[in-house]
There are 2 protein chains.
Amino acid sequence: MIKAYAAQSADSPLEAFEYDPGPLGNEDVELEVTSCGICHSDLSVLKNEWGFTKYPVVPGHEVIGIVREIGSGVTRVKVGDTVGLGWFSRSCMTCSQCMSGDHNMCAKSEGTIVGRHGGFADRVRSHEAWAVPIPAGLDAMKAGPLFCGGLTVFNPIVQFNVQPTDRVGVIGIGGLGHLALQFLRAWGCHVTAFTSSESKMEEAQSLGAHEAINSKDPKALRRAAGRFDFIISTVNVSLDWNAYLGCLAPRGRLHHVGAVLEPLGVSVFSMMPKQASVSSSPLGSPATAAMMLEFCERHDIAPVVEVFPVAKINEAIAHLESGKARYRVVLDMKA
Amino acid sequence: MIKAYAAQSADSPLEAFEYDPGPLGNEDVELEVTSCGICHSDLSVLKNEWGFTKYPVVPGHEVIGIVREIGSGVTRVKVGDTVGLGWFSRSCMTCSQCMSGDHNMCAKSEGTIVGRHGGFADRVRSHEAWAVPIPAGLDAMKAGPLFCGGLTVFNPIVQFNVQPTDRVGVIGIGGLGHLALQFLRAWGCHVTAFTSSESKMEEAQSLGAHEAINSKDPKALRRAAGRFDFIISTVNVSLDWNAYLGCLAPRGRLHHVGAVLEPLGVSVFSMMPKQASVSSSPLGSPATAAMMLEFCERHDIAPVVEVFPVAKINEAIAHLESGKARYRVVLDMKA
C-alpha cells in the first residue's frame, strides 16, 4: 500500500490516505519520494478549479525520489537512481509527437495528479520516460520545483530559439518568474523583470535581472517600446497585452505560460508592423527536462525554496495560498 | 510635371491631376509607369479609412514601370530596366532593421501613397532600393499585384520557415489568398483553402489547393482539428479564431495578414497545449520581393488579373469595390 496525503473534497484538508497501486507495469518505475514541491496547479486541482478533479485526490507533481522498483522492460533508469517527476507521468511513446521528441504534446499523455495519485506520498509511480535523472551536482531538496515551475519557463526558451544576444523580459516574479530570470541571465541575454511589487524589483535584480520595470505603469511600458525580442509572462491575470506587444522589437514574441482565463485582447495592428508573435506552451519534454537540469548544474541555478516537513503539509499549502512564498514551497517527505 | 489621377476628397472620383516632383534625389529613380494594380489599401487610403490621407491623393502602389531617370548615386538599377514598386518607396537604409535586411520594418519607411503621390500616373519615383527588377520570364502586365498582395502572403512563408512537408491552410480566397494558394502549392505543401464561397471552393482547387473547407462551418472546422502546421488568414473580418487555433497541429501558427480591426479574442488555453503561435506581418523587404519574383518565374506563378485601360480608372475601382474582381484589378497605363 502507498501511504499518501489526500483531500476528500474541495474544501477538505489533506489527511492520511492509503491506496493499492496494483502491479507495476513493465515500463513503469516506483519512486520513494524524498521531497515534493507544491505548485499552484496542485491548489487548482485540490479545489477542482479546472473541473476534472476526482476525490480523493493526492496532489504533488514536483517530485524528487529514489527509484525503488522497476518494471521488467525498464532500461532508462535503475534502482537507486535519484530522479524527478513533473506534471506528466506517461505518454503513449508511439504517436507522431512522442516519436518526434515532443512527448509533452502527446494527446494521450497522463498527468501525475489527473485521474491518478501524485507525489504527496511515500511512493509514486510513472512511466520510465518521465522519471528524469538528477545530476549529482544539484541539491535534490531544491530540485523538485524545476520539474513544473522550472520546466514551464525553460521549455519556451529552447522551443523558440531565444538567443544570448536577445533582450528579454519576464512578467511576474514568482515561482516561475524567479526561475525564468536565472535561466535567461545564464543564457546570456539582457534581462528585464516586469513586476508590480516594489520589493520584488530589488529581488529580481539579485536573481539575475539587469533591470526592473513596474508592470502596471503605462508610462514605464511606453518608455520600453520596441526593446524586447522575447517577453515571457508568468502571470495568470489580464494585463494590457497590446502595451506589452508595443514593448517588442521587430520579430519579437510575447509568450504566455501563465494561465490567463480571459481572451488576450491582442490586435492584428499591434503585431503587424513588427512581425510580432503571441504564443503559449505546455510543460517540456523529458529530453528538455534533462537539458534544463544539466544547464542548472553548469550555472548553479536553483529554485529559491521554503522547506516544510511533510507533517506540516496543510500549513505549507496555506503558506503558498497566502501569496507570501519566496518563491517555491517544498515538502521534505523524510522530515 | 507628372500627369496623375487624384481624388480631391473621400467621395470624389479620380480625375486628371498634375504635380511637380522637384529635383530627383541622388539615390532615387523615376519610373515610366506601364501598369499598376489596384489594391484594397488604395480604396482605404482614397476614403481616408485609416485617418492619414491628405488630399489630393494619387493612389497606386502595385506599380510596374521602366526606369527613365536615375539619381547620380544609383547603382542597383539602370535606365531601361523594368522594375516593380510596392507599398514602400523608401527606408532609411542605416537603422538596425535596414542594416539587417528588414527594410520593411524600418521605423522611418515611406509609403508610396502615404503623404506623397503613387502610381496612378505616367511617372512615379522611389528610392532605388525599393525598385525591384522584374525577371524576363514574368508577364509585366500581371506582375503589379505581386508587389503588394503577393509580397504580403509570400513574406510570412519565408519569415516563419514554412516547410514543404507542412500542411497549410489559407483563409479567404481573394486577391491575397489566390496567390497564397499558388505559392504554397509550389512550395511543396499540402494546401487547404478555407472559404465561405461555394464557387471559390472549386476555383481554389484550380489555383493549387488540394482541398477546400467551408470557413464558416463549425463542424467542418472541428473535423479539421489538429491538422495544420501553418494557417494564413487573408480576411479582414472577425472569425472564430479559437476554432482555427483548434485546427492547428502541435507547434502550429495562425498568421494574420488581413487587417482585422477587432481584438482577436484568442485565449491562452487555445494555444498552450500545442505550443501554438498567433502572429501578423507587414509587407516584405526588397530582398524578399526579389526572391518572390524568381520563385514566380520558376513556378509560373502569376496573379489572376482583370485589366482595365487607365481611361476607365473609376470603373476599375468600382469593380474592385463590388467584391466581384477575380482576383486582382490592373490598370494598363498605356492603353
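The values are calculated or read from the model by the stated rules, or taken from the named source; none is laboratory data. Remember, it's a predicted structure, so these values are computed and weren't measured experimentally. Neighbour counts are summed over all protein chains in view; Cβ atoms, including those assigned to glycine, are modelled from backbone coordinates with ideal geometry. Side chains are part of the model used for accessible areas, which takes the heavy atoms of the whole protein and leaves out ligands, DNA and RNA. Shrake-Rupley method; radii C 1.70, N 1.55, O 1.52, S 1.80 Å.
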Compute the distribution of all C-alpha to C-alpha distances in chain B, in bins of 20 Å from 0, and list the percent of pairs in each, rounded to whole numbers.
32, 57, 11, 0
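Take peptide B:279-286, look around each residue's Cβ out to 10 angstrom, count Cβ atoms belonging to other protein chains, and average those counts.
Values: counts 10, 14, 8, 6, 1, 1, 0, 0.
So the per-residue partner count for this stretch is 5.
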Give the share of C-alpha pairs in each 10 angstrom bin for region A:125-226, from 0 to the last occupied bin, in whole percents, shortest bins first.
15, 40, 32, 10, 4, 0
C-alpha center-to-center spacing [region B:272-315, region B:92-147] in angstrom
13 Å
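Translational D (Stokes-Einstein, µm²/s) of the protein assembly as shown at 25 °C and 0.890 mPa s when Rh comes from the Kirkwood sum over C-alpha pairs? Spell out each step's value before the answer.
Values: Rh = 27.3 Å.
Using the Kirkwood radius from Cα pairs, D works out to 90 µm²/s.
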A:ARG253's amide H: which non-local residues (gap 5+, or another chain) put their own amide H closer than 5 Å, with H modeled 1.01 Å from N in plane and none for Pro or chain starts?
A:PHE230, A:ILE231, A:SER277
Put a label point 7 Å from Cα along the Cβ direction on A:LYS312, then list its distances to the equivalent points in the other copies in nm, shortest first.
8.6
In whole Hz, with x marking every Gly and Pro, tabulate ³J(HN,Hα) for region B:292-307 from phi via Karplus 6.51 cos²θ - 1.76 cosθ + 1.60, θ = phi - 60°.
4, 5, 5, 5, 5, 5, 5, 10, 6, 9, 8, x, 8, 10, 10, 9
Inter-copy label distances at A:ALA10, 7 Å along the Cα→beta-carbon direction, one decimal in nm, shortest first?
5.1
Carbon/sulfur fraction of accessible area - the protein assembly as shown, other protein chains in place, 1.4 Å, %
50 percent
Note on region A:142-168: residues buried by at least 40 Å² of accessible area once partner chains are added (vs chain on its own, 1.4 Å probe) come out as A:GLN159
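On a full-extension model of 0.36 nm per residue, what is the gain between A:LYS78 and A:LEU24, subtracting their alpha-carbon distance, rounded to one decimal in nm?
Gain on extension, A:LYS78 to A:LEU24, equals 18.0 nm.
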P(r), alpha carbons of region B:150-280 - 10 Å bins starting at zero, rounded %
14, 50, 34, 3
Once both label points are put 7 Å beyond Cα along the C-beta direction, the B:ASN236-B:THR94 separation in nm becomes 3.6 nm
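If you take the square roots of the eigenvalues of the alpha-carbon gyration tensor of region B:184-249 and sort them as a ≥ b ≥ c, do you get rounded (a/c under 1.5), prolate (a/b over b/c) or oblate? Could the numbers behind the result be given before it?
Working: a/c = 1.63, a/b = 1.21, b/c = 1.34.
It is oblate, given that a/c is not under 1.5 and a/b is not larger than b/c.
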Area hidden from solvent between B and A (accessible, protein heavy atoms only, 1.4 Å, total, Å²)
2800 Å²
Starting from 0.36 nm per residue, how many nanometres of slack lie between A:PHE52 and A:GLU32 once their C-alpha separation is accounted for?
4.5 nm
Under 13 Å from the Cβ of B:LEU239, count the other residues' Cβ atoms, weight Lys and Arg +1, Asp and Glu -1, and hand me the total.
-2
Need one value for B:107-114: mean number of C-beta atoms belonging to other chains within 10 Å of its residues' C-beta atoms.
1
Neighbour net charge for A:THR192 - beta-carbon separation under 12 angstrom, K R +1, D E -1
+1
Here, A:PHE269 and A:LYS216, labelled 7 Å along Cα→Cβ, have an inter-label distance in nm of 2.8 nm
Reachable lysines from B:LYS324, criterion Cα separation under 27 angstrom, eight or more residues apart if same chain:
B:LYS47, B:LYS142, B:LYS200, B:LYS216, B:LYS312, B:LYS334
Rounded to whole Å², per residue accessible area for the protein assembly as shown with a 1.4 Å probe reads 39 Å²
In what sequence, highest mean first, do A:133-139, A:259-265, A:278-284 appear when ranked by Cβ atoms within 10 angstrom?
A:278-284, A:259-265, A:133-139
Relative contact order of chain B, please, whole-number percent, based on alpha carbon pairs below 8 angstrom and at least 6 residues apart.
17 percent
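So for chain B: antiparallel DSSP bridges make up what percent, rounded to the nearest 5?
55 percent
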For chain B, what does -39500 (n - 2.57) per DSSP helix run (n ≥ 4), summed and divided by total residues, give at 222 nm, in deg cm²/dmol to the nearest 500?
-6500 deg cm²/dmol
Quick one: with label points 7 Å out along Cα→Cβ, list the inter-copy distances for A:TYR55 in nm, shortest first?
7.0
Here the equivalent ellipsoid of region A:205-335, derived from its Cα gyration tensor, has semi-axes (largest first, whole Å) of 33, 18, 15
By what distance, in whole Å, do the Cα atoms of region A:1-159 stretch along each of the three principal axes, largest value first?
40, 32, 32
With a point put 7 Å past each Cα toward its Cβ, work out how far A:ALA107 is from A:GLU321 in nm, to one decimal.
3.8 nm
